[in-house]
Structure formats: C-alpha cells, structure tokens
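Data first, discussion second: the structure below is written as structure tokens.
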Amino acid sequence: MTNNSKVLALKYRPQVFDDLIGQEIIVDTLKKSISFNKIPNAFLFTGIRGIGKTTIARVLAKSLNCSKGQNFSCNNDCCNNGVEISESRNIDVLEIDAASRTGVDDVRELIEFSRYGPTSSKYKIFIIDEVHMLSKQAFNALLKTLEEPPNYLKFIFATTEVNKIPITVLSRCQRFDLSRIKSQDMLQFLIKVSGKERILANTEVLKLISKISEGSVRDALSLLDRISLSRLDSNEKEFTLEDAQKIFGYFDKSILIDLIESIFNGDEKKSLDIYRNIYSQGVDPKVFLNNFIEIIYYIKNFENLRNIDSSINLNEDSINKLENLFKKVDPKTLIMFWQFSIEIMDEINIVFDQNLSVEMFLIRLLYLNGMIDEQTENRKPVNQPFSKDQTKDNKENIKNSIVNQLKSSTQKKKENKFEQDQNLNDLNINSFADLVEICTVKKEAELKYELENNVNLVSFKKGYIEISFNNNLKKEFVKTLSSKLYDWTKERWILTLSQKKGQDTLKKNRAIKKEMDFEKLKKSEIYDTIKKSFSDAELIDIKSEKNE
C-alpha cells in the first residue's frame, strides 16, 4: 500500500513524540522518565478512542529500544529497530490485542515467552491493547510478573475503560490519563492536514469536524477523509459549511433556537414543521435530541458562559436570540424542559418509529408550557410565556402543579398511607410488606432492593424480624436496616439471622404469582374470544388496574 492510498488516520499517525498533539504534559513526563532512567515496570495509557493511546505505546517502545541510545525522535529512517517496530515485526516488541486473546492460557504463553531476554534490543516490550478485556484469571496470572519483572521486560497497556481493570493491576502500573484534544489544537491540526492533502475546505467546515469528533483525532481525520472522497472528481471546488452538514447528517443549531422559540410561543404547527424539516435532512432523532438539550443548556447558563459564540458555532443573530430567551424564560421552565428531554432519550429506544416519539415529545413540551401559562394571574403575550418577574405565589403554584402532574398515583397512595400524620414517631410497621413500602416512600432504593431480592422472611413481629439471606446480601444490610427502623419508629428492633430457609423472596413470589395469573388468563373465556378473532395474538404482560 502506497502512502497516498492510506486513509488519513493511518497516513498521519504520529511516529515520534513531537508529532503528538494535545498531550504535552504526558510526553514531557515520558521523556524525563527515559532521560533519567526512571522507567517503570508497566505503563498504562487510558482515555477515549482516537487520542493516541496505542500510538504513544509504539513511540515509547521505539524510544526505549532505539539502537542509537536515548532518542526521542526514533523513526523509520533512524535505525532498524525503529523500522521494525513501526511495521509491527520486531521480535522484541510484541503487540497483543486483548480483545481477541482474553484467556489465561494466552497470558501464560506470554509469561513463558518473557523468560527469554531480548534478541537485538535493550528491552523486551509487551504492548497489550484494550487490556481491560482480559479475563479475571488472566489478570491474576499476570500479577506476579507485572510486579517483579526481569530488568529487560517492560509492559505497556492501553485501555478505554480503566474502571474494568482490577485495582491490583492498576497499583502495579504508572498510569497516564490522556485528555481529549482541545478544539483549537484540533483545528490547527486539520488546517495543516487539509493543506498537505489539498482539500479545499474553509475554516467553518474544519471547525464543524473538530466539534463532531469530540476530541478524537482519529474521528476527525476520518471525517476529513469522507469530505475528500466526496469530491475526488471535482476537487477544485471549495467545501462549504452547508456541504459538510449534508455529508455528516449535521444541521445548523440556529434552527433549534427558532424551534424552541415557537414552543414557548405555543405554535404547534411551526414547531412540528421545523422538526420535520430537520428530520427530512437525514438527521437521526437521537442526534436531534442531543443538540436540543445542548441549546436548552446554553439558554439556562447563558449568563455564566464565556465566548459562547465560538463554543457552539452560532452567528451573532443566533447569540442574540439565545440571550433574549435567557432574559424572558424562567429557569424553572428550562430545567423542566431539560428533564423531559432526558426522559425521552430512554423512551425512544423502545419505540419502533423514533421520529413519531420525538414529535409527541415536542407536543408535550407545548402543552407543558401552556399549563405553566394558565397558572399565572394574567395571560402573557406569546413572546413572553414565562417571565422572571412573576410573583412568588404564582411560581409556587406552578411548581406544585408540575410536581403533581409528574407524581404517579402509586406514589400518592404510598404517601397517604405513611405521611398523612406529620409526626414521624407515629409510623407503624406491622408487616414485612409495610417495611418494603416505607422504603419506597423514604426513597431508600438500595434497602428496598435488598429486602425484595436477597432476603427470605422467617418471622415478623412488632420490634422483631427473623430472616435468612442469599450470598448477594450486602454486609452492612443489618446495620443499615436497624438504624433506619429506629429513625422511623423511635424504637429498637431486634434483627435475627436464621439458619432456616424462610419464605421465598418477594421478587420470586411476584414472579410465581404472575405466572399463575398468566395461566389463569389463558384459560379464561375472554382470552379464547380474542384468539378466535386474532389468531396471531399473544399474551405479553399483565397489569393490575390498582397499580396504575
């Protein structure tokens, strides 16, 4: 493969430390480590995709094994070792993909290979990419060698998910957290590459690429590659921002400001027309929602942001619109819009047509805004749906109305049972079911989970609970439950751990009951009637009206 036929991400992959961008502190530390011969047994490079983890590992390997001694610029034309490492064929530098070699046998083979010293280099180096994918047994097999390797052996790990690596391994490595590439550094790099490749793209296009790449150099170069490929037959024409937006399925965020304005003005037709126009450009609903909540964020925090125009690529007119919305719209409204937007991100995953779900989401925002307006003393002009000069009483009414809208009937029933009396000392827990229910009311989600999934009730009396449990029960469960019971009832409770099997867990009981309900319903006349009318009908789930 010639150099010109390579994709840009490979063609411009850094070969020496000086080629790296955005990682100056880490590069400086590595150089000093080599210069003062303070080289750790194992290096760990972590960070998002495409910022140079594996690249730094290879550059470091070349610097450590350069035939000319300490050389931070060891490249393909420097020495034979540099050439072989760059081409992944050096016998002393073994690069392993942990995603395909995850087992303990692979690590044992590695350890066996490490017993022999380097052939033609100073160090034998193992580069393990995506190291977090090694199995638990593989990590354990590696521990001893990792802690006390021979002087000639060095490990270099790279991972995107450092939290999945056992702490025993992390403690034996010198860790380097690579940062996302800053927008300005990325832009300068793209300008340099586009100049070398003779890609006629203006600065606005390169800014857009820098933003979409989210700090990943590989992603940025892949996007630049996509632009260059689309104009191979007519390279003399410069790319415009509109051209790039069509290629990437991206859209101008200023349109979203108009959409949000129309929502606050209560104009349903205009709101849906704007969204349908965005969708017709091929914009994915999830991309739309991510950009939507980004604009909500900028409106809410406009006062605290600096250089906002450069950070979101909006023109002066759009910035003025953002400022106008910031002045007119109450922060509580924006926070409510944000919450609805986050909820819809989960909802669209279970809907077949995500586009329809987003349209209904926009309609809900319109009605939410209308509900807020109706709570004010006087109906406001459409361009000022929810201003900051509202009275304190009106704001409280609005807040209470929204909260009541969002509460489910199930939550209300539970609150009525335990919180009608404002004196918490009067709470009575007379059964195991009461105990689980009060955990819901008091928002003790973890405690409720343990009671439902890991606890088998043996006996329950006022002030005394006897239970057995499975291996998943947390050690601090008894202490936590005792403390909460005293806080709720102002009485000391005795909790006894029994050897008896006890009742099935609440979760298992519910599953058994649901299965029985399924069988009972399948034998009913109404089910037979439905099957006769719709032969392909299937019973998927059962919901009780009293729980809704």
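None of the figures in this text is laboratory data; all of them are computed from the coordinates on show. None of the values given here were measured: they were computed from a predicted structure. All Cβ positions, even for glycine, are placed from backbone atoms using ideal geometry, and neighbour counts span all protein chains on display.
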Estimated Rh, region 3-177: Kirkwood, alpha-carbon pairs, angstrom: 16.4 Å
Residue-wise HN-Hα coupling along region 50-61, computed from phi with Karplus coefficients 6.51, -1.76, 1.60 (Hz; x: Gly, Pro): x, 10, x, 5, 5, 4, 4, 4, 5, 4, 5, 4
Other-chain or far-sequence residues with amide H under 5 Å of Ile96's (modelled H): Ile127, Ile128, Asp129
Karplus 3J(HN,Hα) series, Hz, for region 452-460 with 6.51 cos²θ - 1.76 cosθ + 1.60 (x for Gly, Pro): 7, 10, 10, 10, 10, 6, 9, 7, 9
Extended-chain gain in nm, criterion 0.36 nm per residue less alpha-carbon gap, Val351 and Val104: 84.7 nm
FRET E, pair Glu343, Arg89, Förster distance 56 Å, beta-carbon r, rounded to 0.05: 0.60
Cα-Cα over 23 Å, subset of Lys11/Lys154; Lys38/Lys62; Lys144/Lys475; Lys300/Lys442; Lys11/Lys38; Lys68/Lys144: Lys11/Lys154; Lys144/Lys475; Lys300/Lys442; Lys11/Lys38; Lys68/Lys144
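Using per-residue counts of other Cβ atoms within 10 Å, averaged over each peptide, order 267-274, 138-145 from highest down.
Numbers: 267-274: 15.8, 138-145: 17.9.
Those peptides, ordered most packed to least, come out 138-145, 267-274.
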Centre separation in Å (Cα based) which lies between region 28-58 and region 476-531: 53 Å
Ser67 versus Lys500: modelled label distance in nm, points set 7 Å from Cα along the beta carbon direction: 8.1 nm
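Note the full-extension length gain between Ile48 and Asp273 as 0.36 nm times their separation in residues minus their Cα-Cα distance, in nm to one decimal. Display every interim value, and only then the final one.
Working: separation 225, 0.36 × 225 = 81.00 nm, distance 3.72 nm.
Difference between extended and current length: 77.3 nm.
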Computed E for Glu491/Lys286 - FRET, C-beta separation, R0 51 angstrom, nearest 0.05: 0.50
Order by protection proxy (mean Cβ within 10 Å, highest first), peptides 48-58, 454-464: 48-58, 454-464
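Mind ordering 472-478, 251-257 by average Cβ neighbours within 10 Å, highest first?
On the way: 472-478: 13.1, 251-257: 18.9.
Packing order, densest peptide first, comes out as 251-257, 472-478.
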Calculated from backbone phi, Karplus (6.51, -1.76, 1.60) coupling profile of region 160-170 in Hz, x at Gly/Pro: 9, 10, 5, 5, 8, 8, x, 4, 5, 7, 4
